[in-house]
Structures are given as structure tokens and as C-alpha cells.
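Take a look at the structure set out below.
The values are calculated or read from the model by the stated rules, or taken from the named source; none is laboratory data. Keep in mind that what you see is a predicted model, and the values were worked out from it rather than measured. Here Cβ is always computed from backbone atoms with ideal geometry, including for glycine, and neighbour counts include all displayed protein chains. Side chains included, ligands, DNA and RNA excluded: accessible areas come from the protein's heavy atoms. Shrake-Rupley method; radii C 1.70, N 1.55, O 1.52, S 1.80 Å.
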Amino acid sequence: MSAAGARAIGTDERERQRARLALMSDVLLETTRFFHREGFTQLLPVMLGRSTDPLGPDPGSSVLRTVEVDYLDQRYYLMNSMILHKQFAVRDLGKIWILSPNVRLERPERAASGKHLFEFTQADFEMPRARTRDVQDLVERYFSALGKVLQDHPAFSVLDVAPPHFTLPWRSYTTHELEERYGEQWEEAASQAEEQPFWVHCHRREFYDREDPAQPGHFLNYDLVYPLGFGEALSGAEREWEAERIRTRLLRTGIPPAPFRAYLEHAGDLIPSAGAGFGIERLVRFLTRAPHVGDVQLFRRVPGEVPTL
């Protein structure tokens, strides 16, 4: 039975797969060490919740539906991400992070992007009373540390790719700048044009991303984008934390509020925070220059493919 999902793979590809998975193991180890060095408390992930990330009204989302489970007369949702839970965790625990499994039932045509899975793992973190610059500085420190640790990793020789070399600080753009330069679908062209990861600010998307009080219609959120065509690496934001603003923003989206009733009941307990999440599989794909993000999974979870197990 092939461990690469529905595809048969030869001996050479098995060696490449082993190399990618060995690198992933060390990425996970260094990620854990980094967040502990930075003073974060690691939490175990939540898989079922009374609320989960709606992934909307992000126009880039292509998730078909959120999986719902009925248990003891209560409706639960399988985690698209733990963003709503993170906002509450920072109130009592300070800086937190999670290796969080996510299930997003993507449309099958997303397989062609090379970067979409229907099951993946995020390194998800949140910091109380943090701002955008705090998150950017942390993420750049992380990549710098990771690059140094991996310089002599044997996987790069097996895969015949160069170890990562990150030149900091990274460039920052707004979505408005990139749309003017490349059009509305700017991500692919912008990613192809860069040789280092870069930041992109001000995305019109989820209701919990803080709208800039000084510039209505602009948002205090950010993505990190990999260069060389590898696309989005990380997504995050400063968070809305005032209960009335959250309700207003949610109402404005037109998303049915019922799945967020539990979240809204406790929204008055939130504090200002900022954070982000980055996909482990996308990171390893970028580091190893794998053709598809499914190539770094032992058991592929690619939209439209039927898994072996």
C-alpha cells in the first residue's frame, strides 16, 4: 500500500518523501523549542467546538462547508481553526501557541493550486495586547532561527535544493499596492516576483480582524507570502475585542450568527490581542521546493483525491 495517498510512487520518490518527512520532524522540534524560548504556553488543540472560524466573508475562501457533529443534543463544529478559542486563552494564560489540526473541505479544483489540503496542521499563536509589529518581529525571529538550525540538514542534499537563507527584515506591501500593480488576483504574480518572503497588509475578510479605527474600511491584519510562486505562508491580525464592535462586524458580514452564539455570549471577556497561524505542510513544501503540499504528507489529504487510508 502506498503511503503517498492514491498515487503509486517509485524508489527515488520514496527517498525524497523520507527526506521531506525527516525535515518536517526537525521543523516541528525547532518550532516547539522556539515558542518555549519566547515564553509561550503550549496548549493542546481543540477539535470540536460550539463555534469555529467561519472563514468568511474572506473572498479567497473556497471551503465547501464546515463539518457539524450532533452529540448529546448539542451541535458542535469541527475546527476550521482555533482562532476564536485563542482569543479567550490569552486572557488568562498570556502568550499561547498550539499545533492545531484543521479540517477545511476545499473544492476539488483547489488541488491544482499546489498549496491546498483538506486536512493540515497549523502552528497557531496569540499574544495579549500585541500589535502588528510585535507579530512580524516574532515571525521573522522564528524564520531566522529555523534557517540557522536547518543549514546542514541532510534532506537538502537528498532533494538537491539549497538550504534556506533569509534576509531580514522582509518587505511590506498593502493589498492596495499589489492590486494596483498586479490586479485583484495579485498573490501568484507577487509571489513569483519576490525572492524573499514578504508581508501584505489590509485584507478585507473575517469579522474578528480589527478594523482600523482611524481608517474605516482598512484592516489591521497581515499575511506572510512565500516567494518563488509558493504563495501564502501565514495569516493573522490584531483582533476585535470589544463585544459591541464584534456583534456589529458579524452582523455586517451577513453570516448567520447562530454558530457563534457561544462566542458572542462571552465576547465581553475578551482583551486586545494579535496573532497568526502558519501551515506546517506549506512551510515544509517551501523549504524543500516540493511540487505540491500533499507531497510533504505521509497520508495525502489533497482536495479531490481519495486517500489510501
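All other residues whose Cβ lies under 10 angstrom from that of Ala267 are scored, Lys and Arg at +1 and Asp and Glu at -1, for a net of -3. In terms of accessible area, using a 1.4 Å probe and ignoring ligands and nucleic acids, Leu48, Leu309 rank largest first as Leu309, Leu48.
Other residues whose C-beta falls under 14 angstrom from the C-beta of Arg285 contribute a net charge of +4, scoring Lys and Arg +1 and Asp and Glu -1. Of the residues Thr167, Gly183, Val200, the one whose Cα sits farthest toward the positive end of the charge dipole of the stretch 135-212, with +1 on the Cβ of Lys and Arg and -1 on the Cβ of Asp and Glu, is Thr167.
Note on Leu251 and Leu64: the model spin-label points, each 7 Å out from Cα along the C-beta direction, lie 3.5 nm apart. Length available on full extension from Arg37 to Ser172: 0.36 nm per residue minus the Cα-Cα distance, which gives 45.9 nm. Below 9 angstrom from the Cβ of Arg50, what's the summed charge of the other residues (Lys, Arg +1; Asp, Glu -1)? Surrounding charge for Arg50 is +2.
Each peptide in 284-290, 203-209 was scored by the mean count of other Cβ atoms within 10 Å over its residues; highest first, the order is 284-290, 203-209. Peptides 189-200, 141-152, ordered by how many other C-beta atoms sit within 10 Å of their residues on average, highest first, read 189-200, 141-152.
Helix 243-253 and the longest principal axis of the C-alpha atoms of the chain enclose an angle of approximately 70°. The Thr308 and Tyr71 beta-carbon pair, evaluated with R₀ = 25 Å, returns a calculated FRET efficiency of approximately 0.30. At what distance in nm do the modelled label points of Arg181 and Met47 sit from each other, each positioned 7 Å from its Cα along Cα→Cβ? It works out to 4.3 nm between the two label points.
Computed from phi, the 3J(HN,Hα) profile of the stretch 276-292 under the Karplus parametrisation 6.51, -1.76, 1.60 (θ = phi - 60°) reads 5, x, 10, x, 5, 5, 5, 4, 5, 4, 4, 4, 9, 6, 5, x, 9 Hz, with x in place of Gly and Pro. Helices in the chain, meaning DSSP H runs of at least 4 residues, each add -39500 (n - 2.57). Divided by all residues, the mean residue ellipticity at 222 nm is -10000 deg cm²/dmol. Relative to the current alpha-carbon distance between Asp160 and Glu15, full extension at 0.36 nm per residue lengthens the span by 51.0 nm. Dipole check for the stretch 16-73: with +1 at the C-beta of Lys and Arg, -1 at the C-beta of Asp and Glu, and the Cα centre as origin, the magnitude is about 440 Debye. Computed extension length for Asp137-Asp212: 25.0 nm, one decimal, from 0.36 nm per residue of separation with the Cα-Cα distance subtracted.
Here's the picture: a label point sits 7 Å out from the Cα of Phe299 along the beta-carbon direction, and within the stretch 97-135 the residues with their amide nitrogen under 16 Å of it are 101-104, 118-121.
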